[in-house]
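Asker: One structure follows; several queries about it will come next.
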Amino acid sequence: MSAIIIDGKLVSSEEKDKVKERAEAFEKKFGRKICLAVILAGNDPASQVYVRNKIKGCEYTSIKSLSFTLPETVSQKEAEELVISLADDDNVDGILVQLPLPKGLDEKRLLSLIPPEKDVDGFHPVNVGKLMLGEKTVVSCTPFGVIRLLEHYGIEIAGKNAVVVGRSNIVGKPMAMLLLRENATVTVCHSKTRNLKEICSQADILVAAIGKAEFITADMVKDGAVVIDVGINREDGKLKGDVDFDGVKEKASFITPVPGGVGPMTIAMLLANTCLCAEERESVKNR
Ligand code: GUN
């Protein structure tokens, strides 16, 4: 049996169409466009591509984007002043600081200046706390996109054994929390996990967010499992996921490809989060 290939491009374009409708309704109601500020510091080529795609996504969905490019050598103070000015600008609904930052910048301190109500990445401690408590909030875009993919393909989560490999603040931890919110039984594995192969091979839903090319092989996967590959690894000029796609697709029931799986969803969910921030900001004003 060969797995159904999950089409992230298709689902992301449906999500973007929904965002566009929301953004147009917002503009009609409030007489201004939703506005996202995107900050890129330094010259990381992958970040440049991601930021370009985020800005293209804004154009497609009728969200206004403000783009700020800072040199590799930017000082902490200059970067902080930019974030503070955007935080104070009432016409800006969302602020995104592309990670990783150049060496010498204090990421935690810079991100803490983004007010929770403009935190389109869902990184602020207040929004992370709300996710833990099950309250409505913005959620880190990549794990949010994974949940949308599962929903789109009618994959039931409740009661399933979900295994997340990786415990980053951006993907692994919020992914585990979202799967738990959907009533999965969740196990989080990491570099110190013993018996990784055995744990993975019990997963009904396996999420790979390790950052090592083709780390998850067919012998680690249960027959009929749903395999979600969050990895983006560049090897010999080629993009490779964390999953050995060719081997695993013969065993899984569903699998995401790289590229074209989870990646496009990250941007769609960023745009959805931007809408949510804008709508919530206006609703607080009118309360
Ligand atoms: N770098 C890699 N993933 C992300 C993300 O989701 N948001 C931001 N801001 N930077 C990233």
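The values are calculated or read from the model by the stated rules, or taken from the named source; none is laboratory data. Note that the coordinates shown come from a computational prediction; the quantities given were computed from them, not determined experimentally. Here the Cβ positions follow ideal geometry from the backbone for every residue, glycine too, while neighbour counts run over all protein chains shown. Just so you know, the surface numbers come from the protein's heavy atoms only, side chains and all, with ligands and any DNA or RNA stripped out. Shrake-Rupley method; radii C 1.70, N 1.55, O 1.52, S 1.80 Å.
Asker: Among DSSP bridges having both ends in segment 90-242, what percentage is antiparallel? Round to the nearest 5.
Answerer: On the way: 3 of 17 bridges.
Beta bridges within segment 90-242, antiparallel portion: roughly 20 percent.
Asker: Taking the Cα atoms only, what angle lies between the long axis of helix 172-181 and the longest principal axis of the chain, rounded to 10 degrees?
Answerer: 80 degrees
Asker: Which value does Rg/Rh take for segment 1-61 over its C-alpha atoms, Rh per Kirkwood?
Answerer: On the way: Rg = 15.6 Å, Rh = 14.0 Å.
Ratio value, two decimals: 1.12.
Asker: On the accessible surface of segment 128-260, probed at 1.4 Å, how many percent belong to carbon and sulfur atoms? Don't jump to the answer; show the numbers that get you there.
Answerer: On the way: 3080 of 6270 Å².
Its accessible area is 49 percent carbon and sulfur atoms.
Asker: Here's another thing I want to ask about it. Using bins 5 angstrom wide from zero, how does P(r) for segment 99-186 break down, in % of all Cα pairs?
Answerer: Percent of pairs per bin, in order: 3, 14, 22, 24, 18, 10, 7, 3, 1.
Asker: List the lysines whose alpha-carbon lies under 29 Å from that of K197, not counting same-chain residues fewer than 8 positions away?
Answerer: Those lysines meeting the cut-off are K160, K173, K212, K222, K238, K240, K249, K251.
Asker: Can I ask one more? Count neighbours as other Cβ atoms within 10 Å of each site's Cβ, and list the GluC sites (Glu not before Pro) in segment 97-162 that are DSSP loop with at most 11 such neighbours. Please report the intermediate quantities before stating the final value.
Answerer: Details: sites: E107, E117, E135, E151, E156; in loops: E135, E156.
Of the GluC sites (Glu not before Pro), the ones in loops of segment 97-162 whose Cβ has at most 11 other Cβ atoms within 10 Å are E135.
Asker: Determine by what factor the alpha-carbon radius of gyration of segment 136-287 differs from 2.2 N^0.38 Å, reporting the quotient.
Answerer: Values: Rg = 16.0 Å, N = 152, 2.2 N^0.38 = 14.8 Å.
Ratio of Cα Rg to 2.2 N^0.38 Å: 1.08.
Asker: Bin width 10 Å, alpha-carbon pairs only: give the P(r) of segment 37-150 as whole percents, running from 0 to the bin holding the largest distance.
Answerer: Computed distribution, short to long bins: 13, 43, 37, 7, 0.
Asker: Just the C-alpha atoms of the chain: what Rg/Rh do they give, with Rh taken as the Kirkwood radius? Intermediate results must be reported in sequence, preceding the final value.
Answerer: Details: Rg = 19.1 Å, Rh = 19.6 Å.
Across the chain, the Cα-based Rg/Rh ratio is 0.97.
Asker: Also, quick follow-up: What percent do you get for the relative contact order of the chain when only Cα pairs under 8 Å and 6+ apart count? Numbers along the way, then the final one.
Answerer: On the way: 569 pairs, mean separation 65.5, N = 287.
23 percent.
Asker: Right, something else. What does the helix-only formula give at 222 nm for the chain: each DSSP H stretch with n ≥ 4 adding -39500 (n - 2.57), the total divided by the residues, and the result rounded to the nearest 500 deg cm²/dmol?
Answerer: On the way: 10 runs with 121 residues, N = 287.
Helix contribution divided over all residues of the chain: -13000 deg cm²/dmol.
Asker: Still on this structure, I have one more. Remind me, relative contact order of segment 1-147 in percent, using alpha carbon pairs under 8 angstrom and six or more residues apart?
Answerer: Values: 182 pairs, mean separation 29.6, N = 147.
That works out to 20 percent.
Asker: Within segment 115-214, report the trypsin sites (Lys or Arg not before Pro) that DSSP leaves as loop and that have at most 16 other Cβ atoms within 10 Å.
Answerer: Working: sites: K118, K130, K136, R148, K160, R167, R181, K192, R194, K197, K212; in loops: K136, K160, R167, K192, R194, K212.
The qualifying sites are K136, K192, R194, K212.
Asker: About the Cα centre, and with charges only on the beta carbon of Lys, Arg (+1) and Asp, Glu (-1), how big is the dipole of the chain? Nearest 20 debye, please. Walk me through the intermediate numbers first.
Answerer: Details: 38 positive and 41 negative charges, 54 e Å.
For the chain, the charge dipole is close to 260 debye.
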